[in-house]
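Quick notes on the structure that follows.
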Amino acid sequence: MRIDPSTPVPIFQQIADGIRGAVAAGVYRAGDLIPSVRAQALTLLVNPNTVQRAYEQLERDGLIACKKGVGMVVCNESIASARNGVDQAMRMLLEQVVQYARSAEINRTSVDRLYRDAWNQSDKRGQSR
Amino acid sequence: MSDVTEFPIMVKNLTRRFGKSLVVNDLSLSIPFGKMVGFIGLNGAGKTTTIRMMVGLLKPDSGEIAIAGYRVPSQRDSMKSHIGYVPDRPNVYGWMRVQEAIDFARAFYPNWNPDHCERLMKMFDLDRSQRAKNLSKGQGAKLSLLLALSHDPEVLILDEPTSGFDPLVREEFLQGVLAATSERRQTVLFSSHTLADVERLADSVAILHEGRLVLHSPVDSLLDCTKRIRAVLEDVSSARQTPPGMVFQQVSGREWTITVEKFSRDQVEFIRSHNRVLQIEVLDVSLDDVFKDIIRGTRGAA
């Protein structure tokens, strides 16, 4: 997970999204412990209160739960709901892309091509790493 | 005084001139217990002067300072064992070895905590036998931090601690600050030009401009409540009506960007109903954006 303060997305939201993504990808599975607030704060180099805020959001959303004397664990039904959350975030981003394309009068064929290019670029970067 | 323990760093109506120039101008700032505050401003805004007055190295012309409950400068000597201070340049004699610098510093503090010092030695990976002048910039800064923290101070004051560090050392140093302070619940003030660091680490941010405090706010609520509203103007030449709560505005071609504080939908409605605009969108901002717009807005108003 990477935190980038220069983007307008609030840091707590970046952390929450990061964990949601990690659960969806199977990095954390049901019953797994996620790092403590303090450990997470030190790894990501952010204020512990910010991590706390992210965890509270995930707890409210039912993705993680506090297990007494153990810490924060990933809930049983989390994988499906994390997938849902990630899907929803993707849908919102793509809607923005479509809206932007409409206002800039870029047609659907061009957007399809740009989208494929973006995937290819990303794959290339992945291989060279 | 009950409010001194509640606010371990407290400054009231602080003023300082150098010759004719007013460097710190009627500055009041109270930092609650256990909070970390990022102190930001342009070069020459008065940050270092303020900090030097706080730690008793410089006398104010007027105003009050209380650090950890002690009045500065009158109770400076008693205050010293309750604060840790990392200045903007190294404060260790170059010829001293790391261990010698530690032995030297510990003599000044009745409350020196050898166990804590050892823990920090390990955490920062310092070599006792190295001479201070041979330490890298980052290692030198870590030694300063170790010396500032080993007596378990209630208050930690850092003056641009990471300027000129490479990214790796910066990260290690800040990790050290975070690890030490989150464990001990210290009250921390750190000045910085790196707004990304302030956004990451600070509970709240204090913005100093031309010697005056223009803002002191929790970082999260500041970022929650400050927005940029971007509108496309139908007619660039007609007069624009700006909404209440505007901090800064900018027109570039047909694009009109308005930064507002205490954002609400009413501001968007105001812009829409008082101006001929085609499209309107609300954007989140980073601390970097907020800082620049506040400073530009202050300049525009002056």
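Results, tabulated for the structure shown:
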{"item": "Residue identified as over 17 Å from B:L215 (Cα atoms) and either buried (at least 18 other Cβ atoms within 10 Å of the Cβ) or more than 14 Å from chain A (Cβ to nearest Cβ) (or both) among B:V86, B:V37", "result": "B:V86"}
{"item": "The stretch A:34-65: number of residues that are among the acidic types (D, E) and assigned to a helix (DSSP H, G or I)", "result": "2"}
{"item": "Enumeration of residues in the stretch B:197-210 that are open to solvent by less than 10 Å² (accessible area, probe 1.4 Å) and at the interface with chain A (Cβ under 7 Å from one of its Cβ atoms)", "result": "B:L201, B:A202"}
{"item": "Total residues in the stretch B:236-254, condition of a type in the set (G, A, S) and touching a helix residue (DSSP H, G or I) at 6+ places or on another chain (Cβ under 8 Å)", "result": "1"}
{"item": "Set B:L42, B:L29, B:L22: member being open to solvent by 10 Å² or more (accessible area, probe 1.4 Å), among the hydrophobic types (A, V, I, L, M, F, W, C), touching a residue at least 12 places away in the same chain (Cβ under 8 Å) and closer than 20 Å to B:L222 by Cα", "result": "B:L42"}
{"item": "Condition check for B:E171: within 12 Å of another protein chain (Cβ to nearest Cβ), farther than 18 Å from B:Y85 by Cβ and out of contact with any Ser or Thr (no Cβ under 6 Å at 6 or more places or on another chain)", "result": "yes"}
{"item": "When residues of the stretch B:56-66 are limited to those that are part of a loop (DSSP other than H, G, I, E, B) and open to solvent by 10 Å² or more (accessible area, probe 1.4 Å), the one farthest from B:T187 (Cα to Cα)", "result": "B:D61"}
{"item": "Test for B:G69: is it within 21 Å of the chain's Cα centre (by Cα), of a type outside the set (A, V, I, L, M, F, W, C) and surrounded by 17 or more Cβ atoms within 10 Å (Cβ to Cβ)", "result": "yes"}
{"item": "The stretch A:5-35, subset within 11 Å of chain B (Cβ to nearest Cβ) and open to solvent by 60 Å² or more (accessible area, probe 1.4 Å), residue farthest from B:D289 (Cα to Cα)", "result": "A:V9"}
{"item": "Extreme residue, farthest from the other protein chains (Cβ to nearest Cβ), among residues of the stretch B:258-292 that are outside any helix (DSSP H, G or I) and acidic (D, E)", "result": "B:E261"}
{"item": "Residue list for the stretch B:177-192, filter: surrounded by fewer than 23 Cβ atoms within 10 Å (Cβ to Cβ), more than 10 Å from chain A (Cβ to nearest Cβ) and either β-branched (V, I, T) or not in a loop (DSSP other than H, G, I, E, B) (or both)", "result": "B:R184"}
{"item": "Output for the stretch A:45-72, where each listed residue is away from every other protein chain (no Cβ under 14 Å) and open to solvent by less than 70 Å² (accessible area, probe 1.4 Å)", "result": "A:Y55, A:L58, A:G62, A:L63, A:I64, A:A65, A:G71, A:M72"}
{"item": "Test result for A:N76, in a helix (DSSP H, G or I), open to solvent by 70 Å² or more (accessible area, probe 1.4 Å) and farther than 28 Å from B:F173 by Cα", "result": "no"}
{"item": "Residue within the stretch A:84-97 that is open to solvent by less than 80 Å² (accessible area, probe 1.4 Å), within 30 Å of B:L278 (Cα to Cα) and in contact (Cβ under 8 Å) with a residue 40 or more places away in the chain present", "result": "yes"}
{"item": "Verdict on B:L213 being buried (at least 19 other Cβ atoms within 10 Å of the Cβ), in a strand (DSSP E or B) and touching an Asp or Glu at 6+ places or on another chain (Cβ under 9 Å)", "result": "yes"}
{"item": "Filter result for the condition that a residue is among the acidic types (D, E) and more than 20 Å from B:V290 (Cβ to Cβ), over B:D166, B:D197", "result": "B:D166"}
{"item": "Filtered residues of the stretch B:216-228 (kept if open to solvent by less than 40 Å² (accessible area, probe 1.4 Å), farther than 22 Å from B:V24 by Cα and not in a helix (DSSP H, G or I))", "result": "B:T226, B:K227"}
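Every residue, every condition in (1) without any contact (Cβ under 8 Å) to a residue 12 or more places away in the chain; (2) surrounded by fewer than 16 Cβ atoms within 10 Å (Cβ to Cβ), yes or no:
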{"residue": "B:S78", "(1), (2)": "yes, yes"}
{"residue": "B:V92", "(1), (2)": "no, no"}
{"residue": "B:E100", "(1), (2)": "yes, no"}
{"residue": "B:H116", "(1), (2)": "no, no"}
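The values are calculated or read from the model by the stated rules, or taken from the named source; none is laboratory data. Being a predicted model, the structure only gives us computed values, none of them experimental. Note that we place each Cβ from the backbone using ideal geometry, even for glycine, and neighbour counts take in every protein chain shown. To get the accessible areas, we keep the full protein, side chains included, count just its heavy atoms, and leave off ligands, DNA and RNA. Shrake-Rupley method; radii C 1.70, N 1.55, O 1.52, S 1.80 Å.
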